[in-house]
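Comments concern the structure below.
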Amino acid sequence: MAKGFIPDPLKRRHLLEEALDPARAGAIAEAYLAVDRTVEAVAFLEKAGNRERLQALWDRALEEGDLFLLRSASAALGEEPSAEHWNRLAEAAEASGKARYAVEARRQAQRS
């Protein structure tokens, strides 16, 4: 796979289903990250075992109020966000005009 190549959806699914070398999975993740397709990069970072980058995406989700990214990163890390995390995400989402994300994050905070 050429450097910076992003697979089409069918190839992506096949890559995720097969055993991938961690270096190759990491390279695919970096290609996604280079074009700011963070949620798609998460699965490849998980296959690469790159917990540090996954944690960085978790932190980015909290800073940007990105509900989908937080859910993806938390699933890949095997860690559930606390009520404090959800409230922090809600505040960031409100500040960046993501009202629906804020509402859902507050709902999740009440369930935590």
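Of all the residues that make up segment 12-46, how many are in a helix (DSSP H, G or I) and within 13 Å of the chain's Cα centre (by Cα)?
Counting residues in segment 12-46 that are in a helix (DSSP H, G or I) and within 13 Å of the chain's Cα centre (by Cα) gives 13.
What helices (runs of 4 or more DSSP H), lying completely within segment 58-112, carry at least 1 residues that are of a type in the set (Val, Ile, Thr)?
Filter on segment 58-112 gives 99-111.
Which of the following residues is over 21 Å from Ile6 (Cα atoms) and buried (at least 18 other Cβ atoms within 10 Å of the Cβ): Tyr101, Tyr32?
Tyr101
Being within 16 Å of the chain's Cα centre (by Cα), on the phi < 0 side of the Ramachandran plot, buried (at least 18 other Cβ atoms within 10 Å of the Cβ) and assigned to a helix (DSSP H, G or I) is the requirement here; does Arg53 meet it?
Yes, satisfied.
Since every read-out is calculated from the coordinates, none of them should be taken as a lab result. Quantities reported herein were computed from a predicted structural model and do not represent experimental measurements. Cβ sites come from the backbone with ideal geometry, for glycine too, and all protein chains shown count toward neighbours.
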